[in-house]
Amino acid sequence: MRCALIIAPNWIGDALMAQPLFAVIKQLHPKIVLDAVASTWVAPVLARMPEIRKIYLTSLAHGKLQLWKRWQLACDLRKAAYSMAYVLPNSLKSGLILKFSGIPLRIGYTGESRYILLNVRHPNPLKSKRTSMVLYYAALAYAPGAKIPRDLPLPRLTTDWSESIRVSHRFNLNTDISLIVFCPGAEYGPAKRWPTQHFAALARMINHSFPYIQVIALGSLRDRTVAQAIAEDVPSIRNLCGKTSLDEACALITRASVVVTNDSGLMHVAAALQRPIVALYGSTDPRYTPPLSKLAKVQWLHLKCSPCFARECPLHHFNCLRELSVEQVFNDLYSILIANR
């Protein structure tokens with residue numbers, strides 16, 4: 001039995017956009033077993049991927065070399081005797097782990113002077129132009145320069161309905177009524193966040209048209225302030241940002257009738273859990289990082305200044321999201337709810 005190792009991306013969304021790569025590796029090598037090295041933040045998502053057998057948890061700090069910790073991890077990997085590894089982050093540090101571990105075949109993109117750390121190096125297309133992140137990762141399953149099939153598998157996370165019910169009860173949510181999830185945050189920055197007053201206005205429209213539906217906000221502790229501003233305007237919203245683990249957030253999203261979300265990690269989670277989505281794009285581009293689901297509706301104004309891919313609006317007006325009207329978003333949400341009645 002051949003065993004291969006994945007050095008996973010450090011962002012939830014990227015990890016999910018990399019899942020088609022894992023599926024393709026399994027298709028090309030049916031007897032191969034895939035394990036992963038992942039941060040404690042990303043690991044819960046990888047644990048729900050059927051392609052991944054085992055996960056090595058890391059607590060490596062962003063931007064720090066931490067050679068001793070990397071050496072210790074590499075010693076564990078050396079014992080497992082992996083025949084090949086795919087390194088998905090483009091950092092020099094991620095390549096060091098593979099070099100220390102003695103894995104003979106080390107595959108990844110050229111970057112950060114990693115010439116001696118990788119021995120199958122793909123030219124990095126992100127150096128010259130934007131490209132689909134799904135295709136970007138999937139290319140690593142093939143020889144450098146090979147043509148990549150366009151009909152790649154979609155990300156899929158395993159679900160457990162009983163877990164969803166248990167988590168709902170833990171947070172005193174009524175499991176007899178439908179649930180709508182707002183994901184108002186975005187780790188990258190304000191230029192990816194639909195205004196809080198728009199989320200609040202959307203909640204009021206939901207309450208008026210669907211008074212029997214419960215609305216909750218999910219996200220990390222950093223999103224709590226943003227969600228609190230919405231909840232203070234519309235007290236019926238439950239602000240659970242920062243109160244759930246990622247596993248618990250996945251369990252609650254599994255129950256959602258609709259997820260209204262910025263371009264964020266939880267957007268990709270909802271897509272992989274096959275929930276209906278209304279995805280809101282501003283500074284980023286859904287052609288490169290779309291929600292990978294046939295159940296997703298994307299709202300993007302595509303203004304002249306968008307996409308800028310900036311954390312903050314360079315023009316200080318945030319028009320790409322501010323001018324995305326509540327009515328547009330509600331119309332998508334309404335059509336989803338009516339279609340699924």
Of all residues in the stretch 200-234, which are touching a Gly at 6+ places or on another chain (Cβ under 9 Å), open to solvent by less than 10 Å² (accessible area, probe 1.4 Å) and part of a helix (DSSP H, G or I)? 227
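Just to be sure, is residue 69 modelled with pLDDT under 90 and within 22 Å of the chain's Cα centre (by Cα)? Full working, then the answer.
Working: modelled with pLDDT under 90: yes; within 22 Å of the chain's Cα centre (by Cα): no.
So residue 69 fails the test.
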Tell me which residues, restricted to the stretch 17-47, are touching a residue at least 24 places away in the same chain (Cβ under 8 Å), within 17 Å of the chain's Cα centre (by Cα) and not in a helix (DSSP H, G or I). 18, 36, 37, 38, 39, 41, 42
Would you point out the residue of the stretch 172-198, among those that are of a type in the set (Gly, Ala, Ser) and under 16 Å from residue 310 (Cβ atoms), that is surrounded by the most Cβ atoms within 10 Å (Cβ to Cβ)? 186
Is the stretch 43-55 home to any residue that is open to solvent by 30 Å² or more (accessible area, probe 1.4 Å), modelled with pLDDT under 90, charged (D, E, K, R) and closer than 30 Å to residue 221 by Cβ? no
Check on residue 309, out of contact with any Phe, Trp or Tyr (no Cβ under 7 Å at 6 or more places or on another chain), farther than 21 Å from residue 17 by Cβ and either surrounded by fewer than 24 Cβ atoms within 10 Å (Cβ to Cβ) or of a type in the set (Val, Ile, Thr) (or both): no
Hey, residue 305 hits all of (1) at pLDDT 95 or above; (2) in contact with a Leu (Cβ under 7 Å, 6 or more places away or on another chain) but one; which does it fall short on? (1)
Among the listed residues 274, 299, which satisfies the condition of being at positive phi and open to solvent by 20 Å² or more (accessible area, probe 1.4 Å)? 274
Can you tell me which of 281, 288 is crowded, with 21+ Cβ neighbours inside 10 Å and among the aromatic types (Phe, Trp, Tyr)? 281
Just a yes or no: is a residue in the stretch 145-168 open to solvent by less than 50 Å² (accessible area, probe 1.4 Å), under 30 Å from residue 319 (Cα atoms) and modelled with pLDDT of 95 or more? no
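The values are calculated or read from the model by the stated rules, or taken from the named source; none is laboratory data. Because the structure is predicted, anything quoted here is derived from the model rather than measured. Using ideal geometry, Cβ is built from the backbone for each residue, glycine included, and neighbour counts are taken over all protein chains shown. What goes into the accessible areas is simple: the full protein's heavy atoms, side chains included, and nothing from ligands, DNA or RNA. Shrake-Rupley method; radii C 1.70, N 1.55, O 1.52, S 1.80 Å.
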